[in-house]
Amino acid sequence: MTHNPIRPWRNIDRRKSRQIRVGKVLVGGDAPISVQTMTNTLTTDVSATIEQIQRCAIAGADIVRVSTPDEDSTRALRKIVSESPVPIVADIHFHYKRAIEAAEAGAACLRINPGNIGDAKRVAEVVRAARDHGCSIRIGVNAGSLEKHPLEKYGEPCPDAMVESALDHIKLLQDNDFHEFKISCKASDVFLAAAAYQQLAIATDAPIHLGITEAGGLMSGTVKSAIGLGSLLWFGIGDTIRVSLSADPVEEVKVGYEILKSLGLRTRGVQIISCPSCARQGFDVIRTVEALEKRLEHIKTPISLSIIGCVVNGPGEALMTDIGFTGGGAGKGMVYIAGKQDHTLSNDRMIDHIVELVEKKAAEIEAAEKLAAE
């Protein structure tokens, strides 16, 4: 729950869910909303998969999912898990033995559809392996792969069909006295996914994993995910998220954080507030922001930075950011620190100087936090 007594319209009351553990990451309850992605390398290419996981972790991924469609993949998983800086979710397709092998290999979580694993005996074997090896489970319901019964009953993928499927899968785990699970109810259709998740949030107290599946390329998928996930998060639904893009998984992590930052649910790194630029701009806003985004990628401490091309909106935006720069005339502009005018700066020194200011501010915040923790 976020509380803003000065601006109460920014408050979001998160749905109360029970808490589970995915390796070292807590999911649900009052834990921060975690950001997940998935590798797109061949799992059997261990070095490439580990390299991609490490890049995602540097970008801020809390959890990474790895596909394990065959025995060679689950065999490779042991090495991947041992070198991963974040918990690994093993993506299980149909074969229950892959789930058991993944649990034995050290996966922190198994992503399965219990109904696709086989009969009750096989589900029980998977649950036993998960319990024995400290795995949680994600029940993954997808509109594109609903089982036969709900499709026959409802005629097509719809919210009722998806939630009914989800609750049937939950019962399979609960019948085995297993409760360390989270659940997703994904669709590529934003309306369908949002409606299904809203029903699901009422029907269970399990942690919810949000996603708009097969959302598309970097731009179109970002827009769909921002609309779908953003609307659900705004109304307090969601304990962990994955943005599904036909792009580098690192981009999924970045977009996930931008969605959370825009709602004030979780902050990481520099949040740049910038204008679209126009004829009033006193410097090249677009290229400046592009350069700053790249130069400041290494900053993990939450900091707000406003980059505004002119004095129409610049001072007002700077009032609400840690550091600000507003374009002026004669090749220079004004630097703001904590909302107040601090000094003028020539445009040709702007990027280097702003990077220095942000790095200094980050170091100050980190030092203060360290001191407070002692």
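The values are calculated or read from the model by the stated rules, or taken from the named source; none is laboratory data. What you see is a predicted model; the values in this text were computed from it and never measured. Heads up, the Cβs are rebuilt from the backbone with ideal geometry, glycines too, and the neighbour counts pull from every protein chain shown. To get the accessible areas, we keep the full protein, side chains included, count just its heavy atoms, and leave off ligands, DNA and RNA. Shrake-Rupley method; radii C 1.70, N 1.55, O 1.52, S 1.80 Å.
Under a model in which nothing but the beta-carbon of Lys, Arg (+1) and Asp, Glu (-1) is charged, the range 1-86 shows a dipole of about 600 debye around its Cα centre. Report summary: the helix-based calculation at 222 nm, which adds -39500 (n - 2.57) for every DSSP H run with n ≥ 4 and divides by the residues of the chain, gives -13500 deg cm²/dmol.
Here the accessible area is traced with a 1.4 Å probe on the protein chains. For the chain, carbon and sulfur cover 53 percent of it.
Most tightly packed first, judged by the mean number of other beta-carbon atoms within 10 Å of their residues, the peptides 58-69, 261-272 read 58-69, 261-272.
Distance between the modelled labels on Ala120 and Ser47, one decimal in nanometres: 5.0 nm (7 Å Cα→Cβ projection). Ordering 331-338, 170-177 by mean Cβ neighbour count within 10 Å, with the highest value first, yields 331-338, 170-177. The residues of the range 18-159 expose, per residue, 43 Å² of accessible area to a 1.4 Å probe. With all protein chains in place and ligands, DNA and RNA left out, the 1.4 Å accessible area ranks Lys182, Lys153, Lys16 as Lys16, Lys153, Lys182, largest first. Of the residues Val255, Leu233, Ala291, the one whose Cα sits farthest toward the positive end of the charge dipole of the range 230-293, with +1 on the Cβ of Lys and Arg and -1 on the Cβ of Asp and Glu, is Leu233. Charged side chains reduced to their Cβ positions (Lys and Arg at +1, Asp and Glu at -1) give the range 133-248 a dipole of some 280 debye around its Cα centre. Rolled with a 1.4 Å probe across the full set of protein chains, the surface gives Glu71 an accessible area near 100 Å². Measuring r between the beta carbons of His93 and Arg131 and using R0 = 30 Å, the FRET efficiency lands at 0.90.
With an 8 Å cut-off on Cα pairs and a minimum separation of 6 or more residues, tell me the relative contact order of the range 94-181 in percent.
30 percent.
Lys340 contributes about 150 Å² of solvent-accessible surface, heavy atoms of the protein only, 1.4 Å probe. Ordering Pro85, Asn176, Ile323 by the projection of their Cα atoms onto the charge dipole of the chain, which places +1 on the Cβ of Lys and Arg and -1 on the Cβ of Asp and Glu, puts Ile323 at the extreme positive end. Long hydrophobic helices in the chain: the complete DSSP H runs spanning 30 Å or more by Cα along their own axis with mean Kyte-Doolittle hydropathy of at least 0.0 are 350-373. Which net charge results for the neighbourhood of Ile212, defined as the other residues with beta-carbon distances under 13 angstrom from its beta-carbon, given Lys and Arg at +1 and Asp and Glu at -1? Around Ile212, the charge tally is 0.
Placing unit charges on C-beta atoms (Lys and Arg positive, Asp and Glu negative, everything else neutral), compute the dipole magnitude of the chain about its Cα centre in debye, rounded to 20. Working shown, then result.
Numbers: 43 positive and 47 negative charges, 113 e Å.
The dipole of the chain has a size of about 540 debye.
For a Förster distance of 35 Å, can you work out the FRET efficiency between the beta-carbons of Arg349 and Leu319, rounded to the nearest 0.05?
Details: r = 24 Å, r/R0 = 0.67.
After rounding, the FRET efficiency stands at 0.90.
Summing charges over neighbours of Glu297, with a neighbour being any other residue whose Cβ is under 15 Å away from its Cβ, gives +1 when K and R count +1 and D and E count -1. Spin-label model, Asp175/Glu156: points 7 Å from Cα along the beta carbon direction are separated by 3.1 nm. Can you work out the FRET efficiency for the pair Glu71 and Ile365, with r the C-beta to C-beta distance and R0 = 56 Å, to the nearest 0.05? With R0 = 56 Å, the Cβ-Cβ based efficiency is 0.70.
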